[in-house]
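Read-outs: derived from the displayed coordinates by stated rules, not from any lab. The structure presented is a predicted model; accordingly, all values stated were derived computationally and were not measured.
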Amino acid sequence: APRMEELDHLVLLGLMTVLFTVCSLPLIIRAYMGAFAADFNENADLSALRFLSVNSIVDPWVFIIFRTSVFRTFVRRVCRR
């Protein structure tokens, strides 16, 4: 069923986009705070960079997990209920 495969790809793309946005938002916020205010909080900057690095670690796992038939079976069972 090509439509089910297209839906799987759309869900995967949406999830990876949300994950990237959530992981990069702290760095974007810190950059704007540093640009418009004298905010020199190195710990917050390092935390934002660490949060961004989580994206590169988690993305391959998300891709592997959500591309398997196990996930498709899980979604079918959840949708039935």
>> Taking the 0 to 90 degree range and rounding to the nearest ten, how far is the long axis of helix 2-36 tilted relative to the main principal axis of the chain, both from C-alpha atoms?
In response: 10
> Which whole-number percentage describes the relative contact order of the stretch 2-80, with Cα contacts under 8 Å and a sequence gap of 6 or more?
Replying inline: 38
> Running Debye on the stretch 15-81 with equal point scatterers at the Cα sites and no solvent, what base-10 log of I(q)/I(0) appears at q = 0.24, 0.26, 0.29 Å⁻¹?
Replying inline: -0.97, -1.05, -1.14
> So what's the angle, to the nearest 10 degrees on a 0 to 90 scale, between helix 69-80 and the longest Cα principal axis of the chain?
Replying inline: 80
> When the chain is fully extended, how far beyond the present Cα-Cα distance does V75 get from D59, taking 0.36 nm per residue of separation?
Replying inline: 3.8 nm
